[in-house]
Every structure is written in structure tokens, then in C-alpha cells.
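Enquirer: Have a look at the structure that comes next, please.
The values are calculated or read from the model by the stated rules, or taken from the named source; none is laboratory data. Small disclaimer: the values here were computed from a predicted structure and weren't measured. We place every Cβ from the backbone using ideal geometry, glycine too, and count neighbours over all the protein chains shown. The area values use the complete protein model at the heavy-atom level, side chains included, leaving out ligands, DNA and RNA. Shrake-Rupley method; radii C 1.70, N 1.55, O 1.52, S 1.80 Å.
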Amino acid sequence: MQFRRLGRAGLKVSELSFGSWVTFHNQADVKAAVEMMAAAWDHGVNFFDNAEVYAKGESERIMGAALKKLKWPREKVVVSTKFYWGLNDGPNERNTLNRKYLLQAMDGSLKRLNLDFVDLAYCHRPDPNTPIEETVWAMSDMVTRGQALYWGTSEWSADEIRAAWLIADKHHLHKPVVEQPQYNLFHRKRVEKEYARLYEDCGIGLTTWSPLASGLLSGKYRKGIPKGSRGALENTKWLADQLIDKPKNAATDKLEKVAKELGCTLSQLAIAWCAKNPNVSTVITGASKLAQVKENMKAVDVIAKLTPEVIAKIEEITAPLAG
Ligand code: NDP
């Protein structure tokens, strides 16, 4: 596993990382979390992604308990969390990035994660009802207080990221260093077009999510929704239609042939393709089972096999379907 700088920041993250969305609490208890995190770690992963809202705080609790059992040196592990949706109803507790919410939410996350600080704190979505300046100031203060070492955004527009960066620059505050966008073979525009100038201008790194489009790119939805998969879960039912999209599933048939030629699985090909983009600092993988972690981590061996010829084949199959 190689390590990459988080954009222009000095922090180094493993090119593949591991996140807990949907899985922790809903599909994985502390024991399963320990097993999967340990397997990722054994493959060289140093970055573990979380968010306040995942399983309403339970995902942070599980990761906190797992980290306690795993006893990794704090210097060696990078942990993140994200804020926006909140855990409670109330004008200052839900769907906001105001100063009051952010600084109190951080206290709650650190308690659940059982950590003194997180390495990365993200604004999980933009908040049109709080001035960007207020959010930037609060995130910068989190860093100054030592509760986060770096901060960034998730699914902010290029304009919003640039505005935040310029405000921080103007006031000598801690700047956002990272954005966390969706990026996979079927979801590319933001990373490849909208953000194109941010990498150079602002030194923004990317920790990208859903490399398998929630499992679609593993090929498992070609014959409908399998029992026990994400598409069958009650709380992610809204994903079901996207997962059984006919043209995309048909494309995975063709992609599988490319994967076979390279001697890898479809999932490994899809994950490696994300990591091939030099603007991606780390591809955050997800898994509900240990076997998936073991399979997905081997994607690192596929990155070098993605020659221009192979990329062209993949492009021909997926580009017409990509948004
Ligand atoms: P993926 O698109 O890779 O989907 C992961 C899911 O696909 C697994 O939970 C599993 O679901 C299935 N899967 C994984 N590997 C395989 C395999 N080899 N074979 C078959 N099925 C497989 O990533 P996620 O959507 O989970 O996103 C990864 C991480 O990104 C999250 O954990 C989170 O940390 C972050 N994220 C951030 C967001 C943001 O807004 N910032 C939004 C979403 C995610 P199953 O077995 O249940 O079918």
C-alpha cells in the first residue's frame, strides 16, 4: 500500500482507506468492526472514516470501541468524522454548520470515539443558512483547540470550497485542506471537471467515497437485489432503484471481461480505477464482511495494470453512463 499526501497538506494517507457508513451498527458490531479494521490495517490502511450521523452516533461508538481493542499507536492512525446533520431536533442541532452546533458536536464525537482529537473534521454538506465565514472560523477554532488536526468539506461546490479557502487565507485561519466527494466509474463530473482548478489553486486533496457505487460495481445487482446486501436494507431502501439500473448493470458484464483479462475481480478493477486518478489522495472503501475487505484491499495491485489501453476500454464501456 502506498501513501499519498492529502493534497498540499503534509498528512499522508494510505491510497485505500476504510469507512463505516451503513455498515457499523447496522451490519457490523464491535467484533466485526475490529476484524474488518484489522484486516484493512494489515494491508497497510492508516485512515478510517466516520461521521456523527452514521447510525445516529453508534458508528462512532463502535469505531471508538474497536480502536480501544486494537490498541494502535495514535501516531499511526488517521481518524475522521463529519458534521452537519446532527443527532437531535432543534434549530441549532440539525442541518447546520453554525458555530454553536459545530463546536458542541465535536465534543460529542470525541466522547463517542473515545479520542482526544480527530485527525480530520469535515463539514458533511454545505449549509446555505450559515455564512461561510462563520463556519470557517468555527472549523479553524476546532483546529486551534487541538480537537482536529485538519479540516475539510464534503460535497461542497467548487465555488463554496474556494470561498472558504479565501476567507481562511484572508484572516490567517486554518484553511480547508480536503474535500470528500463521491467518485466512481458512474459518478465523475465533480471530481474531474467542477473541481479541476481547486487542486492547483487551493491544494485541496480528495478522500473519495462509494468507489463501488454502493456495491453496484461489484456486479452483485445484475440479477436483482440479493438478500443481505445494502440494497435489501430497510434504511437504505432509497438506493434500491439506482442499484438495479439496467444499463449500468449491463455495463458491469462488459467490465468484468476487462477485469478477467487483468486477473482481478470487478470490485478490484473499480476501486483501482478511482485510485488511478492522481488528484485522489485516498479511496474510502466500505465493506459489510471481512471477505470483502480482503478482496478490496488487493485493488492496490491492480492500479499499475491500468495502462492507457485498459483505461480506454473502461472508458468506452462506462463513460456514456457516467454522471
Ligand atoms: P462502496 O461504494 O464501495 O460500497 C460498499 C458496499 O458495497 C459494502 O458495504 C458492501 O455492501 C458492498 N461491497 C463492498 N465490497 C464488495 C465486494 N468485494 N463484493 C461485493 N459487495 C461488496 O462504498 P461506500 O458507499 O460504503 O462508501 C465508502 C465510505 O465512504 C463510507 O463508509 C463512508 O466512510 C464514506 N462515505 C462518505 C459519504 C459522504 O457524504 N461524505 C457518503 C457515503 C460514504 P453489502 O455487502 O451490504 O451489499
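Enquirer: Can you show me the helix-derived [θ] at 222 nm for the chain, built from DSSP H runs with n ≥ 4 at -39,500 (n - 2.57) apiece and divided by the number of residues, rounded to the nearest 500.
Expert: Here the helix-only value at 222 nm equals -11500 deg cm²/dmol.
Enquirer: Something else: What does the net charge come to around R112 if you take all other residues with beta carbon closer than 11 Å to its beta carbon, with K and R at +1 and D and E at -1?
Expert: -1
Enquirer: Among DSSP beta bridges lying fully in the chain, give the percent that are antiparallel, nearest 5.
Expert: 15
Enquirer: Tell me the net charge near L97. Cut-off is 15 Å between Cβ atoms, L97 excluded, with +1 for each Lys or Arg and -1 for each Asp or Glu.
Expert: Counting the neighbours of L97, the net charge comes to -4.
Enquirer: To continue, here is another question. To the nearest 10 Å², what's T265's accessible area with a 1.4 Å probe?
Expert: So the heavy atoms of T265 present about 50 Å² to solvent.
Enquirer: For K100, go through the lysines and keep the ones whose alpha-carbon is under 22 Å away, minus same-chain ones fewer than eight residues off.
Expert: Filter leaves K56, K82, K111, K175.
Enquirer: Also, quick follow-up: For the pairs K12/K298; K71/K220; K254/K298; K227/K294; K246/K294, flag any whose C-alpha to C-alpha distance is greater than 31 Å.
Expert: K71/K220
Enquirer: Roughly speaking, what is the stretch gain from K227 to Q104, that is 0.36 nm per residue apart minus the C-alpha to C-alpha distance, in nm to one decimal?
Expert: 40.4 nm
Enquirer: Let me ask something else. Kirkwood-based Rg over Rh for the range 172-323 (C-alpha set), two decimals?
Expert: That ratio is 0.98, to two decimals.
Enquirer: Per 10 Å bin from zero, what fraction in whole % of the C-alpha pairs of the chain is there, up to the bin with the longest pair?
Expert: Result returned by the calculation: 6, 27, 36, 24, 7, 0.
Enquirer: Within a Cβ distance under 12 Å of A28, other residues only, what is the Lys/Arg minus Asp/Glu net charge?
Expert: -1
Enquirer: Also, I was wondering about something else. Find how much the distance from M1 to L166 grows on full extension, using 0.36 nm per residue of separation minus their present alpha carbon separation; answer in nm with one decimal.
Expert: 56.0 nm
Enquirer: Set the Förster distance to 25 Å, then compute FRET efficiency between S157 and N129 from the Cβ-Cβ distance, nearest 0.05.
Expert: 0.95
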